[in-house]
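Chemist: Submitted below is the structure of interest, expressed as C-alpha cells.
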Amino acid sequence: MMTLIIFLYLAVLAFGCGLHLLNNCHLKTHGHQIPPEFEGAIDPATLGRSSDYTLVKGQLSLVRSLFDSLLTLVFVFGGLMAWYDGWLGAQSFGFIIGGIIFFLLLSLVKTGLDLPFDLYNHFKVETRFGFNKMSLGLWCADQIKSLLLSTVFFALLASAAFWLIQAAPGFWWLWVWSLIMGFGLLMMVISPYVIEPLFFKFEPLKVEGLEEDIREMMGKAGLSVSKVLQVDASKRSGHSNAYFTGIGKQKRVVLFDTLLEQLSKQEILAVLAHELGHMKKKHIRKRMFLMATIAIFYCWLAHALIQWQGLPSLVGMEEASFYARVVILFFLSGILTFPLTPLFSIMSRKDEYEADRFAVDLHGNAEDLATALVQMSRENLSNLHPHPFYAGFHYSHPPVVERIRTLRAIADHKAH
C-alpha cells in the first residue's frame, strides 16, 4: 500500500509538472501574437515582457513545487516524521501543549525553508519586472508581523481544538468544525480593523466624486457600504486590485491606489459592479456553505480514520501519535482531492461570468469593464495565451481574452 501511495503522489506531481510545461510551450509558441481584443492597447515589447514574466514566475513556482514535494516525501516516508513524532512523544508535554509544539515547529521550519524562494521572488523576479516597491527592511517587518500574528492565532485556535478533542473524544469532530467556522467568521469581522491596518494605511477616497458614484451604484443594487477607502498598496507592489471586506452592514470598499492611477472613474465603477455581482448572486455565501460542508465531512472522516490502527502503516510507520496521524491524513487528502481541482475551477469561472453579466446590467456599459480588464492585464503583465487545458484545470477566472470577448459579445447583443 505504501508503494501505491508514493506512486499516486508522484503521478499527481508529474501531471502538475506536465501541465506547467504544456502551458510554457504554448506561451513560447503564441506569446508574440497580440490578441484582437488587445490590438492598439498593448505593444509587442509589453507583450514580450508579459510572456517573460509568466515564464519566469512559472519556472520559480515549478522549482518550489518540486522542492516542497521532495521535502514532503523525505519527511513522510524517509523516517523524519517517525523520528520527530518519537522525539516529541518522549518529552513531558501534555496533549494540548504537545500538539501546539508539534505543528508550530513544523510550521516554523517550513517558513524558514520557504524564505529563499520568497526573497528571490520579491527581490529578483518582482523587482526585475518593476512590481516590487518594498525595501528589504519593510519586507522583513511584514514577515515578522505575519509570523507573530499567525503564531498567536494558531496557538489560540490549536489550544481550543485540542481541548475539545480531549474533552469530547466521541464528538470532537463536530465541535472542532464549529470552532473553525466560528474563527473564520470572527476573522472576517476583525481583520479590516485589527490586522489589515498593521500592514497598510487606509484613508478616505481622494478621487473627487467617486465615493458618491460608488454609493449610488450600490444603492441601485440594494446594498450599502460603511466606508469607501483607498489603501497605499503602491508602497509594496505595482500590482492593482479592489475588493469588498467585512460582513453584514460593516462592508467596506477598498481600492488600491495603483488601481486609481490606472483606471478611469467609469472603469473603476465597472470593476466594483463585478464585485457587487458576487454579492447579489450570493457567490460568496454559496462558497462559504460549500467550504463548510467539505470541512465538516473532513472533520468527521478524520475522526473516523485517526482511530484506525492501520493508518500509520500507510506511510511505513509502526505507530503514530494523534498529531502524526493528522499529518498523514493531510498528506493523503492532497492526493485524493487533486482530481476535484478542475471541478472547483469550473464552478469559480461560472461565477465570474455571472458576475460580469450582472456588472453590465448594473453599470450599463460592457465596454467599461472590458477596457478595465485590458488595462489591468497590461499593467499586471497577465498571461494572454494560457493553454486551454492548463486554464481549464487551474484558472479560477476565465482567461482574460475570453472574458473580454464575451463582454463585447454581450454589448453587441444589447446594441441590436
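Chemist: Given the residues 277, 316, 334, which is the only one that is of a type in the set (Gly, Ala, Ser) and at positive phi?
Modeler: Matching residue, one of 277, 316, 334: 316.
Chemist: Continuing with the same structure: Quick one: in region 344-374, of everything that is of a type in the set (Lys, Arg) and touching a residue at least 24 places away in the same chain (Cβ under 8 Å), which residue is surrounded by the most Cβ atoms within 10 Å (Cβ to Cβ)? First the steps, then the outcome.
Modeler: Looking only at region 344-374, we keep the residues that are of a type in the set (Lys, Arg), and these are 349-350, 357.
Narrowing further to those that are touching a residue at least 24 places away in the same chain (Cβ under 8 Å): 349, 357.
On the way: 349: 19, 357: 16.
Residue satisfying both the conditions and the ranking: 349.
Chemist: For region 98-146, give me each residue that is exposed (fewer than 14 other Cβ atoms within 10 Å of the Cβ), of a type in the set (A, V, I, L, M, F, W, C) and within 22 Å of residue 326 (Cβ to Cβ).
Modeler: The answer is 105, 108, 109, 113.
Chemist: Residue by residue through region 23-42, note down the ones that are exposed (fewer than 14 other Cβ atoms within 10 Å of the Cβ) and either modelled with pLDDT of 95 or more or more than 17 Å from residue 372 (Cα to Cα) (or both).
Modeler: The initial filter retains those residues of region 23-42 that are exposed (fewer than 14 other Cβ atoms within 10 Å of the Cβ), namely 25, 28-29, 32-33, 36, 39-40.
Those that are exposed (fewer than 14 other Cβ atoms within 10 Å of the Cβ) and either modelled with pLDDT of 95 or more or more than 17 Å from residue 372 (Cα to Cα) (or both): 25, 28, 29, 32, 33.
Chemist: Counting just the residues of region 155-182 that are surrounded by 15 or more Cβ atoms within 10 Å (Cβ to Cβ) and among the aromatic types (Phe, Trp, Tyr), which one comes out farthest from residue 292 (Cα to Cα)?
Modeler: Top of the filtered list is 163.
Chemist: OK, next. Since residue 197 meets every condition but one in (1) more than 21 Å from the chain's Cα centre (by Cα); (2) free of Cβ contacts under 8 Å to residues at least 60 places away in the same chain, which condition does it not meet?
Modeler: Of (1) more than 21 Å from the chain's Cα centre (by Cα); (2) free of Cβ contacts under 8 Å to residues at least 60 places away in the same chain, only one is false for residue 197: (1).
Chemist: Consider residue 224 carefully, then state whether it is touching a Ser or Thr at 6+ places or on another chain (Cβ under 6 Å), of a type in the set (S, T, N, Q) and either at pLDDT 90 or above or not in a helix (DSSP H, G or I) (or both).
Modeler: no
Chemist: Using the structure shown, decide if residue 320 is modelled with pLDDT of 95 or more and within 23 Å of residue 73 (Cβ to Cβ).
Modeler: no
Chemist: For the structure I just gave you, tell me whether residue 54 is in contact with a Lys or Arg (Cβ under 7 Å, 6 or more places away or on another chain), over 30 Å from residue 156 (Cβ atoms) and among the hydroxyl-bearing types (Ser, Thr, Tyr).
Modeler: no
Chemist: Run residue 188 past the list (1) at pLDDT below 90; (2) in a loop (DSSP other than H, G, I, E, B) and report the number of the one that doesn't hold.
Modeler: Single failed check for residue 188: (2).
Chemist: Of all the residues that make up region 355-378, how many are among the small types (Gly, Ala, Ser) and more than 12 Å from residue 410 (Cα to Cα)?
Modeler: 3
Chemist: More than 22 Å from the chain's Cα centre (by Cα) and either of a type outside the set (Lys, Arg) or not in a helix (DSSP H, G or I) (or both): which single residue out of 47, 66, 113, 106 fits that description?
Modeler: One residue alone meets the criteria, 47.
Chemist: Within region 189-199, which residues are in contact with a strand residue (DSSP E or B) (Cβ under 8 Å, 6 or more places away or on another chain) and surrounded by 15 or more Cβ atoms within 10 Å (Cβ to Cβ)?
Modeler: Residues satisfying the conditions are 192, 196.
Chemist: Taking only region 85-97 into account, find how many residues are of a type in the set (A, V, I, L, M, F, W, C) and buried (at least 17 other Cβ atoms within 10 Å of the Cβ).
Modeler: Within region 85-97, the subset of a type in the set (A, V, I, L, M, F, W, C) is 87-88, 90, 93, 95-97.
Adding the requirement that they be buried (at least 17 other Cβ atoms within 10 Å of the Cβ) leaves 88.
Qualifying residue count for the region: 1.
Chemist: Cβ-Cβ below 7 Å, separation at least six or inter-chain, first residue in region 2-15 and closer than 17 Å to residue 316 by Cα, second in a helix (DSSP H, G or I) and of a type in the set (Phe, Trp, Tyr): which pairs?
Modeler: As it stands, the answer is 6/77, since those pairs meet every condition given.
Chemist: Go through region 201-221 and count every residue that is in a loop (DSSP other than H, G, I, E, B) and in contact with a helix residue (DSSP H, G or I) (Cβ under 7 Å, 6 or more places away or on another chain).
Modeler: Number of matching residues: 3.
Chemist: Separate question: Going by the conditions given, is residue 395 among the hydroxyl-bearing types (Ser, Thr, Tyr) and farther than 25 Å from residue 284 by Cβ?
Modeler: No; evaluated as a whole, the condition is false for this residue.
Chemist: Taking residue 230 and the conditions (1) modelled with pLDDT under 90; (2) of a type in the set (S, T, N, Q); (3) not in a loop (DSSP other than H, G, I, E, B), which numbered condition does it fall short on, given that it satisfies the others?
Modeler: (1)
Chemist: Could you tell me whether residue 165 is more than 19 Å from the chain's Cα centre (by Cα), touching a residue at least 40 places away in the same chain (Cβ under 8 Å) and under 28 Å from residue 190 (Cα atoms)?
Modeler: Taking the combined requirement at face value, the residue satisfies it.
Chemist: Conditions: (1) assigned to a helix (DSSP H, G or I); (2) surrounded by fewer than 17 Cβ atoms within 10 Å (Cβ to Cβ). Residue 82 meets all but one. Number of the miss?
Modeler: For residue 82, the failing item is (2).
Chemist: Can you find a residue in region 116-137 that is among the aliphatic types (A, V, I, L, M) and either under 19 Å from the mean Cα position of the chain (by Cα) or closer than 30 Å to residue 294 by Cβ (or both)?
Modeler: Step one: list which residues in region 116-137 are among the aliphatic types (A, V, I, L, M), which gives 119, 125, 134, 136.
Filter once more, so that each one left must be either under 19 Å from the mean Cα position of the chain (by Cα) or closer than 30 Å to residue 294 by Cβ (or both): none.
Looking for residues that are among the aliphatic types (A, V, I, L, M) and either under 19 Å from the mean Cα position of the chain (by Cα) or closer than 30 Å to residue 294 by Cβ (or both), one finds none in region 116-137, hence no.
Chemist: Continuing with this model, one more query. Please enumerate the residues belonging to region 43-63 that are among the hydrophobic types (A, V, I, L, M, F, W, C) and either in contact with a helix residue (DSSP H, G or I) (Cβ under 6 Å, 6 or more places away or on another chain) or farther than 22 Å from residue 371 by Cβ (or both). Reasoning before the result, please.
Modeler: From region 43-63, those among the hydrophobic types (A, V, I, L, M, F, W, C) are 45, 47, 55-56, 60, 62-63; that's our starting set.
Within region 43-63, 55, 56, 60, 62, 63 qualify.
Chemist: For residues that are of a type in the set (S, T, N, Q) and closer than 23 Å to residue 364 by Cβ, scanning just region 376-416, find the one that is surrounded by the most Cβ atoms within 10 Å (Cβ to Cβ).
Modeler: 377
The values are calculated or read from the model by the stated rules, or taken from the named source; none is laboratory data. These figures come from a predicted structure and were not determined experimentally. Counting neighbours? That spans all protein chains shown, and the Cβs are built from the backbone with ideal geometry, glycine included.
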